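Read the figures in this text as sums done on the coordinates, not as results from a lab. Keep in mind that this is a model prediction, so the values were computed, not measured. No Cβ is skipped: glycine too gets one built from the backbone with ideal geometry, and neighbour counts run over all protein chains shown.
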Amino acid sequence: MAASILSHVVSDLCIGKPAVRVLPSSTPIAAALATLRAGADPFIFVDAAPPDVKKTAALSVVVKVSVAEILCYVCGDTVNLGDPAAALRRPVSVLTAVVGDHGVTRRVDPQTSLLDAIDVLLANNSHSLVVPLHARTRKKHHHVSSISAGYCVLTQQDIVRHLFGSISLFSPVAALSVSSLGIVRRDDVHAVHVDDDALDAIPLLRRSIGQGTAVAVVADDDALIGEICPGVLGSCDDVESVSAAFAALSAGDAMTYIDCYFSPPEFLLRSIRAELTDKGLHAMCDLMDAAYATDAAALSSSSTSSDEECLPLAPARRARKMSSGSFRWRSTEDVAACHAESSLVAVMAQALAHRVGHVWVVDEVSGALVGVVSCADVLAVLRDHLRPECYADDL
């Protein structure tokens, strides 16, 4: 069995995965958002190869973009906050400055070994790989032509899930505590107080995206009460209103907004409007109202005339149908957490159950936040255990 897992290639993990969308770098951010809303995944990819490379080579470098990166772009600059509509009209290529090197997704051959794929992820500090789907061929007029089937994405979580299915191979490492393995990151924890401005979380969110984690939200005693997670933000595809919430609310109230995103209470919207007006962010307020007006019009068109009289000021949004295994909506308080003495296998189970790339480490007695374990840390431990020499007798 050890010999079997060492012989696995990345195409083995791509079976059943859908093709991903790759957009030109000149695509407006607003159009990229529309693609996100219409698609079944919480992310898209942008072709980031230089023009001279694009003419001579297949897709080699792409940048992964999600709602979280767009939110950081809109809310991370006072100019964009003052005129968010103009920010959304800019090409999606400007997001590469927000995404940075961590967003670069490398292309690997379908026959790349699983071990080599892990090495590429860890060496490049990447969270995902792009794998060409098997192309099919057709014969026409005695000529055989190849038809590209597109690309699929393989994430760190996908590989951890795959290895979790063979967890018995990692004994006794899997039973050791994350503390004894030295993978509890104590200096890379990004946290805001529940009463801090939500905008204070934006630079932390940007850094947490690069590390595959999230922004923790804590109380006075550093007790973990929730998180602002890129994965959860992926379900909030109306960046206009989410940006308005972050510009107006505290971190705790922003969590509340995210939790009730599909049907926000009117009192919360009034609070957002009032705070934006006080800050002089009138364009942001108008953009949020326009977004809700669009939602109301869509809901009205599908309602009967008798129902139209009862339409709320903040119409309920309809959740997008996600592709299998991509992500699920969950509360900002539904976090993956463990203790320093939790076993590696327990931490893996937490991450996979919540479909996130990190697990918070809290004090067993006080509940105070003390660190975080990322999927990259887990993969590094598993990769070291999967060195071919460890199973020389089985090969």
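Excluding Ala368 itself, what net charge comes from residues whose Cβ is under 13 Å from its Cβ, given Lys and Arg +1 and Asp and Glu -1? Provide the component values of the computation, followed by the final result.
Numbers: positive: Arg186; negative: Asp220, Asp221, Asp222, Asp363, Glu364.
Once positives and negatives cancel, what remains is -4.
Our note on the geometry: Cα centres of the stretch 216-271 and the stretch 174-199, 20 Å apart. Taking Cβ atoms as reference points and 11 Å as the exclusive limit, the residues near Thr112 contribute a net charge of -2, counting Lys and Arg as +1 and Asp and Glu as -1.
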